[in-house]
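Below is one structure, written out as C-alpha cells, with a few remarks after it.
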Amino acid sequence: MSGETFDVLIIGGGIVGAACALEAVRSGLKVCVCEKGVIGAGATAAGMGHLVVMDDSEAQFALTSRSLQLWRDLADSLPVSAEYQVSGTLWVGADDEEMAEVGRKRSFYESRNVRVEVLDPRQLSEAEPHLRSGLAGGLLVPDDAVVYSPVVAKFLIDRANDAGAVLREGVTVSAIHPHGALFVDGTTVSAGVVVNATGSWSPGLTPGIPVQRRKGHLAITDRYPGFVNHQLIELGYLKNAHAVTSDSVAFNVQPRQTGQVLIGSSRQFGVDDPAIEAPMLKWMLERAVEYMPDLTGLKIIRTWTGFRAATPDSLPLIGPVEVEDGRLWLATGHEGLGITTSLGTAELLVDQILGRQSQIPTAPYFPDRSLREDIHHG
Amino acid sequence: MAERLMGDSVESDICIIGAGPAGLSAAVAALERASSVTVVDENVHPGGQIWRHDQIKGENPELRVLMNRLPRERVNLISSATVIAAPAKGRLIAETPHGATPISYQRLILATGARERFLPFPGWTLQNVTGVGGLQALVKGGLKIADQRIVIAGSGPLLLAVAAYLKQVGARVVLIAEQAPRRRLIRFGLSLFSNPARLGQALTLKRQLSGIPYLTDCYPVAADGEDKVRRVILQQGAKIWQVECDYFACSFHLLPNLELASLLNCGIEAGRVVVDNSQRTSEPDIYSAGEATGVGGLELSILEGRIAGYMASGNLPGAARLFRRRDRARRFARLLDQTFASTAVLRELPSDQTIVCRCEDVALGSLREHRSWKAAKLQSRCGMGPCQGRICGPAVEMLLGWQPDSVRPPALAARLDTLLLTAELAEGQNTQEWSKE
Ligand SMILES: Cc1cc2nc3c(=O)[nH]c(=O)nc-3n(C[C@H](O)[C@H](O)[C@H](O)COP(=O)(O)OP(=O)(O)OC[C@H]3O[C@@H](n4cnc5c(N)ncnc54)[C@H](O)[C@@H]3O)c2cc1C
Ligand SMILES: Cc1cc2nc3c(=O)[nH]c(=O)nc-3n(C[C@H](O)[C@H](O)[C@H](O)COP(=O)(O)OP(=O)(O)OC[C@H]3O[C@@H](n4cnc5c(N)ncnc54)[C@H](O)[C@@H]3O)c2cc1C
C-alpha cells in the first residue's frame, strides 16, 4: 500500500466516511477509505437512526431536507436489513407553550414544502395510544424515516468498493497531513485530498477544531409490535438540546421494524467514559415513562452509550481548513444528526473537491466560519 | 420454608442464588451456624434443573429431605425472582412478578447451575425438536408422550438419564446417538470402576435402557419434516441413514450459567467460575458452587454447595471435612468434560442456510461474510435479541472461533421499572461497578 497515491483519502469508516467514499468514487475520483476497527461500529452503531428534517436553523433545515431527499432516492436500493421505514416523526406537545411551538414549526415546514399535520389531543392518542392522557397535541411530519445505520454504512462502503474504492480496514491512522496519512504500522498513503471523517475522534487527528464529545445513553426493549407507531419526540427537546452547557434528557422513542422500542436519549458534555451512568439512565427512563407510563412493564434487553461529535453552533464541519503546508478536509461534527445528514454531507464535500455547484449553499458548514462558543441558532 | 413473592427489599447475611441441589445444600450447611439464609431462584418451584419439575406432580424424595432441613422461619425463599443486576457492592436486584426486589448481603453464594448447549444443524429449529433436558421438562410439565417415537442425540450423561425417564413414562425411545468417540467412552466407563456407587448407578441405568440402541461416534446431520420434525438423518462413520420420529431431543452436554458471576467481576476461565479450595471466587465474600463452577453432576454439586455454605457461615471444620470427597468428585467432573467434549466434525453440520441465532433469524452464511464477531453482530443482528447471545454465542464460538462480548446490566432481560430501581440504587456509585464494557 505504501507509495500508492489516491485522489481522495478518507479517514473513518462510519456512515459519514462511507457516504463520502461512495459519492467520491461515483464522481470519478480514485478513493481510499481507512477504518481502524469495524465499518460502522463507532457512533454509527450507537445512534438511533432517525432520519429527520430539522428546523432549528435555515442551514440545518437545508442540509437535513436535502439529505432526506437523497435518502428517498437511495431507499429502493437498500437491503431489507437496513430497515428503512418511513415511520414519520411525531413531535409531542405537553402544554400550551409547546403547542405554540407546534404552530411555529408548522408554518416553518409548510412554507418550505414539507408535509405536516397538526394533531389535537384525541388524534394524538389515536395515533399513539400508549402516550399518557392530558397531552396538548402534536405535529406529525409523515415523511421522516428510520434506518438501521450500521448496515447502511456497510452497504455504502461495499458499493464504493465495487466501484473501485480501496478499503483499508483494521488500520489506525496516527497522523494526517495535506498530502497523505501515516498509519500506526508505519505505512503511508498519499492523496491529493485528505478527509478527516472520524466523528468524535476527529480532534485527535486535526487538533484545534471545535468538536467536542457529547455522550448519549439508549435502551432497547424486547419485541412489542405496534406499541409505538412513529418516532416520538417531546417538544421540550429543543429547549433541552440547546442547553449546551448542562446535561439533559428528552423523551425520544422509536419503533424499530423488529417491533422493538428504542428509548432515548441523554446528552452530556465532559464525559469520556463509555460506561452506563446510573443517574443518566434513570433520568432518561423516567422522562420516557412520564410520557408513556406503559413503558414500565416492557422488558429492556440492552442498554448502551455513544458519543456525538458536537460543534458550538450545532452544524457540521464540511470542507477544507488551511494548515501550515496546505489544506486538510473535514467531514465531521454532525452531533445528533449525522446519520440523517451523512448523504448531504457527502454531496457537499465532493462538490467542493470538484468545484461543482451545490444544491444548497455550502458556506454555513465551512470549517472556518466564525465559531464562537456561545453562538447557536434557533 | 416461607415462600415470598413480594417486591420489597430483603436484607440478608448469607444470600444464595439458585435453589438447585448446590444452592439448597449450601443453605442447609449454612444453617448449622447461621441463624438465617436467603435463597433466590427464578423459577416458581425450588429444586433446580433436576428436581423442580417433579414439584408439579408431587415432591421428589431427595428434594424433600433437603427442604425438611430448611425451616421456613429461618429460610427466606424468594421464588420467581431473577437476579439481573448488581448495582453496588453487597447489593443485587431481583426481578419478580410483583416488582423489583433489592437484596443486600454480606456473603453471596452463586449456585446458578448450567443450561443445555445447542449446536445448530439443518432443521434444528423445526417444531418438536427440543433440548434433551428440555423434553424431559415438557413431559414433567404435562406433555403427553406415551407411544411417541423419540430420537435422542447430542452428548453427555443427560442423554441416558432422560432416555430412561422417557421410557419409564411410556415413550418409545428409538435410539440414542452420542457424538463422543467410543474410545473416550470406554476410558470413561473404566473410570467408573473406581467408584462403586457410580458404577451401581450406571448399571441400573443400563438395565433401564435395555433394548434401546446406544450409538457412539454418531451425530445428527439434519432433522427433516414439513410442519414439524418427521425424521432425523444420522451419521456414524461413513454410514448415513434416516430414522422416523415424532420428537427429536438434542443437546450437546451442558454449559455453566456465568451471567451473574461475570456481572460481579468473578474470575472466569475455560467457561466456568474460578473457585479455590473453599469454593471462594476471585471476589471477596462471593462463593460459587455446583455446575456454575464446571459441569460435574449431582454429587459434586451437593458437595460444593455444602462447602460453600459452611465457608460462608464461618464453619471451616465443616467445610474441610468435605474437601477430599469433593476433589474426587471434581476429578470425575473433569473426565466428564473430556469425554463429552464436542468433536470437530460437529462444526461441519450447519449449512450456510442454517439458522444460528433464533431470536433474530440469522443464518450461518450471513455470519461467515464477516471478519469478526463485532462486525458480524452489527451487520446481522446475531445475538442482539432477547437472549442476548446466550444460545447462539456458544454455537458461534464453536463454529467460527469468535468470543462473544461482555455481560452488562441487565444481565438478563428486565422490565424497565426494575432497571429504574437498579439505577436508583446505583446512584453515587462508581459507574464502573454498575457497568463494565
Ligand atoms: C445516542 C445517540 C443517538 C443518535 N441518534 C441519531 C439519530 O437518531 N439520527 C441521526 O441522524 N443521528 C443520530 N446520532 C448521531 C449519529 O450517530 C452520528 O452523527 C453519526 O453516526 C456520525 O457518523 P461518523 O461517520 O461521523 O462517525 P462514526 O460512526 O463514529 O465513525 C468514525 C469512524 O472513524 C474511525 N476512526 C476514528 N479514528 C480513526 C483513526 N485514527 N484511524 C482510522 N479510523 C479511525 C472510527 O473507528 C469510526 O468507525 C446519534 C448519536 C448518538 C450518540
Ligand atoms: C436441562 C437440564 C436437565 C437436567 N436433567 C438431569 C437429569 O434428569 N438427571 C440428572 O442426573 N441431572 C440432570 N441435569 C444435571 C443436573 O441439573 C446437575 O447435575 C445438578 O442438578 C446441578 O445443580 P446446581 O444446583 O448446580 O444447578 P441447577 O439445578 O441448574 O440450579 C441452578 C438454579 O439457579 C437458578 N438461577 C440461575 N441464574 C439465576 C439468576 N440470575 N437469578 C435467579 N435464579 C437463577 C436456575 O434457574 C436454577 O434453578 C440436568 C441439567 C440440565 C441443564
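Miscellaneous remarks
- Single condition A:PHE307 does not satisfy, out of (1) open to solvent by less than 20 Å² (accessible area, probe 1.4 Å); (2) within 14 Å of another protein chain (Cβ to nearest Cβ): (1)
- Within the range A:81-111, being under 25 Å from the mean Cα position of the chain (by Cα) and more than 19 Å from A:SER57 (Cβ to Cβ) holds for A:SER81, A:ALA82, A:GLU83, A:TYR84, A:GLN85, A:VAL86, A:SER87, A:GLY88, A:LEU90, A:VAL92, A:GLY93, A:GLU98.
- Enumeration of residues in the range A:153-163 that are open to solvent by 50 Å² or more (accessible area, probe 1.4 Å) and in contact (Cβ under 8 Å) with a residue 24 or more places away in the chain: A:LYS154, A:ARG159, A:ALA163
So that you can scan it fast, the table gives a plain yes or no per residue for (1) farther than 22 Å from B:ALA411 by Cα; (2) modelled with pLDDT of 95 or more; (3) crowded, with 16+ Cβ neighbours inside 10 Å; (4) among the small types (Gly, Ala, Ser):
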residue	(1), (2), (3), (4)
B:GLY7	no, no, yes, yes
B:ILE56	yes, no, no, no
B:LEU63	yes, no, yes, no
B:PRO71	yes, no, no, no
B:ALA85	no, no, yes, yes
B:LYS89	no, no, no, no
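- The strands (runs of 3 or more DSSP E) located wholly in the range B:81-167 that include 1 or more residues which are β-branched (Val, Ile, Thr) occupy B:82-88, B:91-96, B:99-110, B:149-155.
- Residue within the range A:354-363 that is under 22 Å from the mean Cα position of the chain (by Cα), within 16 Å of ligand 1 (Cβ to nearest atom) and open to solvent by 10 Å² or more (accessible area, probe 1.4 Å) present: no
Let's see how each residue does on (1) within 11 Å of ligand 1 (Cβ to nearest atom); (2) part of a loop (DSSP other than H, G, I, E, B); (3) on the phi < 0 side of the Ramachandran plot; (4) of a type in the set (Lys, Arg):
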site	(1), (2), (3), (4)
A:SER174	yes, no, yes, no
A:GLY192	no, no, yes, no
A:TRP201	yes, no, yes, no
A:GLY208	no, yes, no, no
A:GLY216	yes, no, yes, no
A:GLY226	no, yes, no, no
A:ILE233	yes, no, yes, no
A:LEU262	yes, no, yes, no
A:GLN268	yes, no, yes, no
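- Residue within the range B:232-242 that is of a type outside the set (A, V, I, L, M, F, W, C) and within 26 Å of the chain's Cα centre (by Cα) present: no
- Selection from the range A:4-35 of residues that are over 17 Å from A:PHE155 (Cα atoms) and either open to solvent by 10 Å² or more (accessible area, probe 1.4 Å) or within 8 Å of ligand 1 (Cβ to nearest atom) (or both): A:GLU4, A:THR5, A:ASP7, A:ILE11, A:SER27, A:GLY28, A:LEU29, A:LYS30
- Just one of (1) part of a helix (DSSP H, G or I); (2) within 16 Å of ligand 2 (Cβ to nearest atom) fails for B:ARG184. It is (2).
- Checking each residue in the range A:19-42 for being more than 14 Å from chain B (Cβ to nearest Cβ) and within 16 Å of A:HIS334 (Cα to Cα) picks out A:ALA19, A:CYS20.
- All told, B:GLU304 falls short of being within 16 Å of ligand 2 (Cβ to nearest atom), surrounded by fewer than 24 Cβ atoms within 10 Å (Cβ to Cβ), within 24 Å of the chain's Cα centre (by Cα) and more than 14 Å from chain A (Cβ to nearest Cβ).
- In the range A:260-304, residue surrounded by the fewest Cβ atoms within 10 Å (Cβ to Cβ) [restricted to those that are hydroxyl-bearing (Ser, Thr, Tyr) and at the interface with chain B (Cβ under 9 Å from one of its Cβ atoms)]: A:THR296
- Restricting attention to the range B:403-421, the residues that are part of a loop (DSSP other than H, G, I, E, B) and either surrounded by 21 or more Cβ atoms within 10 Å (Cβ to Cβ) or within 12 Å of another protein chain (Cβ to nearest Cβ) (or both) total 9.
- Selection from the range A:140-170 of residues that are in a loop (DSSP other than H, G, I, E, B) and within 13 Å of another protein chain (Cβ to nearest Cβ): A:TYR148, A:GLY170
- Qualifying residue in the range B:282-290 (condition: surrounded by 24 or more Cβ atoms within 10 Å (Cβ to Cβ) and away from ligand 2 (no atom under 16 Å from the Cβ)): no
- A:LEU315 vs. criteria away from ligand 2 (no atom under 16 Å from the Cβ), in contact with a Leu (Cβ under 9 Å, 6 or more places away or on another chain), within 9 Å of chain B (Cβ to nearest Cβ) and in contact (Cβ under 8 Å) with a residue 24 or more places away in the chain: no
- Counted residues, the range B:216-233 - those being within 15 Å of B:THR343 (Cα to Cα) and in a strand (DSSP E or B): 4
- Selected residue (criterion: farthest from ligand 2 (Cβ to nearest atom)) from residues of the range B:260-269 that are in contact (Cβ under 8 Å) with a residue 24 or more places away in the chain and open to solvent by 30 Å² or more (accessible area, probe 1.4 Å): B:ASN265
- Test result for A:SER370, small (Gly, Ala, Ser) and out of contact with any helix residue (DSSP H, G or I) (no Cβ under 7 Å at 6 or more places or on another chain): yes
- Residue match in the range B:92-109 (condition: more than 14 Å from ligand 2 (Cβ to nearest atom), farther than 30 Å from A:ILE300 by Cα and open to solvent by less than 20 Å² (accessible area, probe 1.4 Å)): no
- The range A:9-18 - residue that is more than 14 Å from chain B (Cβ to nearest Cβ) and over 17 Å from A:ARG308 (Cβ atoms) and, of those, farthest from ligand 2 (Cβ to nearest atom): A:LEU9
- Only residues that are open to solvent by less than 50 Å² (accessible area, probe 1.4 Å) and in contact with a helix residue (DSSP H, G or I) (Cβ under 7 Å, 6 or more places away or on another chain) were counted in the range A:102-119, giving 3.
- Every residue from the range B:131-170 that is surrounded by fewer than 23 Cβ atoms within 10 Å (Cβ to Cβ) and polar (S, T, N, Q): B:GLN148, B:GLN168
Each row is one residue, and each column tells you yes or no for (1) open to solvent by 40 Å² or more (accessible area, probe 1.4 Å); (2) more than 20 Å from the chain's Cα centre (by Cα); (3) modelled with pLDDT under 95.
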{"site": "B:ALA292", "(1), (2), (3)": "no, no, no"}
{"site": "B:ARG330", "(1), (2), (3)": "yes, no, yes"}
{"site": "B:THR343", "(1), (2), (3)": "no, yes, yes"}
{"site": "B:GLU360", "(1), (2), (3)": "no, yes, yes"}
{"site": "B:TRP373", "(1), (2), (3)": "no, yes, yes"}
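The values are calculated or read from the model by the stated rules, or taken from the named source; none is laboratory data. In this text the structure is predicted, and so the values were computed from the model without any measurement. As a convention, Cβ positions derive from the backbone with ideal geometry for all residues, glycine included, and neighbour counts pool all protein chains shown. These area figures cover heavy atoms from the full protein model, side chains too; ligands, DNA and RNA do not enter into them. Shrake-Rupley method; radii C 1.70, N 1.55, O 1.52, S 1.80 Å.
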